[in-house]
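In what follows, a structure is listed as structure tokens, so that the remarks can point back to it.
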Amino acid sequence: MFGYVAPIPGMLSAEDTIRYKSLYCGLCHTLNRKYGLFARMTLTYDMTFLVLFLSAFYAPEEKTGYLRCGLHPIKKRVYAENCFTEYAADMTIALIYHKCLDDWVDEKKITMKTVSSILRHSYEKVKDLHPVITAKIEEEMMNLQMLEKKKADADAISACFGRLLGSIFVHKKTVWSASMFQFGYNLGKFIYLVDAVLDEEADRKKGIYNPMQALPLSQKEKTNVLTVLIGNATAIFEKMPFVEDEGLIRHILYHGVWQKYYKKFKGETDGKRSV
């Protein structure tokens with residue numbers, strides 16, 4: 001359910017490439033600093049996008065620099081950190097923890113049970129820092145699991161993840177909170193459903209319920225459903241007063257989110273597809 005909200009390599013300008021990598025490395029560094037070396041393995045493009053999106057809107061003070069790490073020991077890499085990097089690191093732990101628990105419930109993957117056990121202590125720290133949002137995450141994950149067991153329809157199930165992600169995007173209460181929530185809600189529904197479409201065949205073979213299996217839709221019709229959802233998110237984005245990085249965000253929303261989908265169903269790996 002993660003890894004969809006990412007830029008397409010080779011399509012960014014040199015400036016945007018440096019900017020995105022700096023936020024990615026900053027989030028990785030923050031995960032390591034706050035939650036230890038293992039936490040770096042939970043790094044996702046989706047939470048890097050959260051840092052990018054909130055930073056572009058609020059333009060907080062940033063700390064930048066160069067560092068080496070175990071994955072890249074030879075050459076120093078530029079990194080950027082701000083208050084939203086801290087927040088995204090916390091949300092990364094929360095989401096991956098619950099994703100592992102969900103995979104354990106669905107497929108009894110012992111590796112997921114093990115990872116969730118390793119992350120348990122870190123998640124408790126996140127709960128202390130963000131009691132309201134973690135309570136919302138737990139509520140919506142319980143709703144999602146309950147609806148999956150009842151084999152509910154795709155719209156109802158995806159709405160759980162939509163509300164979850166929407167709540168995460170509302171970092172603080174402002175006049176733009178409703179827009180932030182609706183953006184995250186539509187993006188969350190898109191992520192859940194595109195993941196379901198891509199996993200449909202594999203889930204059928206494993207005997208795992210997938211809400212897309214119950215929909216008598218052609219591939220084109222599924223594409224249309226996904227297009228409406230990401231279109232709703234981009235329409236909200238276009239109306240918001242961003243301070244910086246609009247082009248980078250626009251690239252991810254119009255192109256990047258589709259790359260896994262069209263690689264599988266259209267064979268389009270050059271990144272030229274957009275909504």
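Of the residues in segment 31-78, how many are without any contact (Cβ under 8 Å) to a residue 40 or more places away in the chain and part of a strand (DSSP E or B)?
Adding up the residues that qualify gives 3.
Got a sec? Which of Ala80, Ala59 is within 26 Å of Tyr185 (Cα to Cα) and either out of contact with any Phe, Trp or Tyr (no Cβ under 8 Å at 6 or more places or on another chain) or of a type in the set (Asp, Glu) (or both)? It would help to see each step written out before you state the result.
Details: Ala80 fails: within 26 Å of Tyr185 (Cα to Cα).
Being within 26 Å of Tyr185 (Cα to Cα) and either out of contact with any Phe, Trp or Tyr (no Cβ under 8 Å at 6 or more places or on another chain) or of a type in the set (Asp, Glu) (or both) holds for just one of Ala80, Ala59, which is Ala59.
So, in segment 244-262, of the ones that are open to solvent by less than 50 Å² (accessible area, probe 1.4 Å) and of a type in the set (Ser, Thr, Tyr), which residue ends up modelled with the lowest pLDDT?
Step by step, filter segment 244-262, then rank; the result is Tyr262.
Answer yes if at least one residue in segment 192-200 is modelled with pLDDT of 95 or more, within 25 Å of Thr85 (Cα to Cα) and surrounded by fewer than 21 Cβ atoms within 10 Å (Cβ to Cβ), and no otherwise.
For segment 192-200, residues modelled with pLDDT of 95 or more, within 25 Å of Thr85 (Cα to Cα) and surrounded by fewer than 21 Cβ atoms within 10 Å (Cβ to Cβ): absent.
If you check Ser167, Ser158, Ser179, which single one turns out to be at pLDDT 95 or above, within 19 Å of the chain's Cα centre (by Cα) and farther than 17 Å from Leu95 by Cβ?
Numbers: Ser167 fails: farther than 17 Å from Leu95 by Cβ; Ser158 fails: farther than 17 Å from Leu95 by Cβ.
Step by step, each of Ser167, Ser158, Ser179 is checked, and only Ser179 is at pLDDT 95 or above, within 19 Å of the chain's Cα centre (by Cα) and farther than 17 Å from Leu95 by Cβ.
Based on this model, can you work out whether Leu31 counts as open to solvent by less than 30 Å² (accessible area, probe 1.4 Å), of a type in the set (A, V, I, L, M), within 24 Å of Val126 (Cβ to Cβ) and touching an Asp or Glu at 6+ places or on another chain (Cβ under 9 Å)? Please lay out each step first, then the result.
Numbers: open to solvent by less than 30 Å² (accessible area, probe 1.4 Å): yes; of a type in the set (A, V, I, L, M): yes; within 24 Å of Val126 (Cβ to Cβ): yes; touching an Asp or Glu at 6+ places or on another chain (Cβ under 9 Å): no.
No.
The values are calculated or read from the model by the stated rules, or taken from the named source; none is laboratory data. From a predicted model like this one, the values you see are computed outputs, not experimental measurements. Here the Cβ is made from the backbone with ideal geometry for all residues, glycine too, and neighbour counts use every protein chain on show. Areas reflect the complete protein model, heavy atoms only, side chains present, ligands, DNA and RNA absent. Shrake-Rupley method; radii C 1.70, N 1.55, O 1.52, S 1.80 Å.
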